[in-house]
1. Please give the contour-minus-distance gain from Ser240 to Lys107: 0.36 nm per residue of separation, less the Cα-Cα distance, rounded to one decimal in nm.
2. Looking at region 73-105, which GluC sites (Glu not before Pro) are DSSP coil and have at most 13 other C-beta atoms within 10 Å of their C-beta?
3. How about region 175-232: which trypsin sites (Lys or Arg not before Pro) there lie in a loop by DSSP and see at most 12 other Cβ atoms within 10 Å?
4. Can you compute the FRET efficiency between Asp136 and Leu14 using 1/(1 + (r/R0)^6), with r the Cβ-Cβ distance and R0 = 45 Å? Round to the nearest 0.05.
5. With the dipole of region 101-192 worked out from charges on the C-beta (+1 for Lys and Arg, -1 for Asp and Glu) around the Cα centre, which of Met124, Val175, Ser191 lies farthest toward the positive end?
6. What is the order of Thr91, Thr227, Thr185, fewest Cβ neighbours within 10 Å to most?
7. What is the spin-label model distance, in nm, from Glu83 to Glu209 if the labels are put 7 Å beyond Cα along the C-beta direction?
8. Residues of region 123-148 with the amide nitrogen closer than 17 Å to a label point 7 Å from the Cα of His268, along Cα-to-Cβ, please.
Amino acid sequence: MAGNAVAREALFALRETIARIEGKVLPADVACIGSMSEKPFTARPKPGEEPSGKVLPLGVPAFDAVLQGGLPLGEMMELRGAELRDAGAVTGFALGLCVLLHRHFAKAARRPLVLWIGEKVVAMEAGLPLVQGLQDFGLPANHLLYASPKGIDEALWLAEAGLESRAFSAVLLEVRGNPARFGLTESRRLSLKARAVGCSLLLMRQAGEEEASSAVFRLRIGPAPATVRHLADGSALPGSLDNPAFHLVFEKSRLPALADFYLEWNPHDRQFSALPLPSVASGEKPQPAHSGALFSASGDRSHRPQPLGHVVALHRAS
């Protein structure tokens with residue numbers, strides 16, 4: 001553990017040195033909370049420098065600053081869930097990115113389709129996409145192609161073929177864990193293919209460990225506490241839940257600082273927005289949703305379990 005911490009600290013120092021040589025302003029600490037109201041760190045503008053147009057801003061200044069302007073187009077990005085129970089959060093955030101990419105490429109580049117390649121082993125536990133749910137989330141169901149290959153070899157082939165077709169605004173590749181047949185070599189091949197054709201590839205690694213890859217950045221995604229839904233008059237609706245919320249941690253990026261964000265997805269406006277820092281992360285003691293005892297008292301017996309006996313009656317064999 002100490003060796004990993006020293007290696008990571010050395011990596012941060014090297015990245016910070018390179019960033020300063022390139023003329024960028026970076027935070028001194030290694031943690032950045034995206035929901036804070038401080039001015040995000042940005043690169044120093046150079047004379048005559050114009051935006052490259054190869055990024056898609058998400059509309060959250062601090063998050064876009066870590067991505068150096070926005071979501072990189074035509075690159076491979078990795079979205080990782082530490083446990084399979086986080087599959088809903090990983091998939092939800094990936095679909096939000098697909099909605100933005102679909103809206104960007106549908107008219108300009110005539111790429112109205114999104115390709116989702118999901119392993120069967122993931123669908124057996126996380127489930128299959130629902131048409132009504134996709135439409136409510138903001139992605140037209142008739143613009144999504146879903147493929148369920150038998151194994152990782154077929155999934156990699158489909159991903160490369162989908163990128164090469166130049167017919168999709170985004171390609172989603174969903175895998176379970178860390179397959180042995182999907183290593184750094186295969187990751188590099190897909191990354192180069194996505195960059196060559198200008199199509200974004202979103203790798204969803206469900207219940208996987210952190211490993212080396214050619215992704216331009218890697219996010220660890222988990223669910224975040226949703227806020228209370230507000231009515232038209234501005235009043236809060238007690239006991240309700242608002243838009244889906246996500247907890248995002250940058251595990252790999254081009255900046256030396258680890259960034260921690262809380263975002264929510266608005267399916268009606270089809271955009272992300274920052275959430276206030278939850279009380280759990282800010283150090284406050286969380287309050288239960290329903291106060292009181294977890295279980296009611298027993299009606300006909302003591303609420304305490306009876307002590308177990310030390311003698312067991314057994315019949316003699318002879």
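Values in this text are rule-based calculations from the coordinates and carry no lab data. Small disclaimer: the values here were computed from a predicted structure and weren't measured. Virtual Cβ from ideal backbone geometry, glycine too; neighbours counted across all protein chains shown.
1. Values: separation 133, 0.36 × 133 = 47.88 nm, distance 3.67 nm.
Value of the extension gain: 44.2 nm.
2. Values: sites: Glu75, Glu78, Glu83; in loops: Glu75, Glu83.
Of the GluC sites (Glu not before Pro), the ones in loops of region 73-105 whose Cβ has at most 13 other Cβ atoms within 10 Å are Glu83.
3. Details: sites: Arg176, Arg181, Arg188, Arg189, Lys193, Arg195, Arg205, Arg218, Arg220, Arg229; in loops: Arg181, Arg229.
Counting only loop positions with at most 12 other Cβ atoms within 10 Å, the trypsin sites (Lys or Arg not before Pro) in region 175-232 are Arg181.
4. Working: r = 45 Å, r/R0 = 1.00.
FRET efficiency, Asp136 to Leu14: 0.50.
5. Ser191
6. Numbers: Thr91 24, Thr227 16, Thr185 8.
Ascending number of Cβ neighbours within 10 Å: Thr185, Thr227, Thr91.
7. So the label points at Glu83 and Glu209 sit 1.8 nm apart.
8. 135-139
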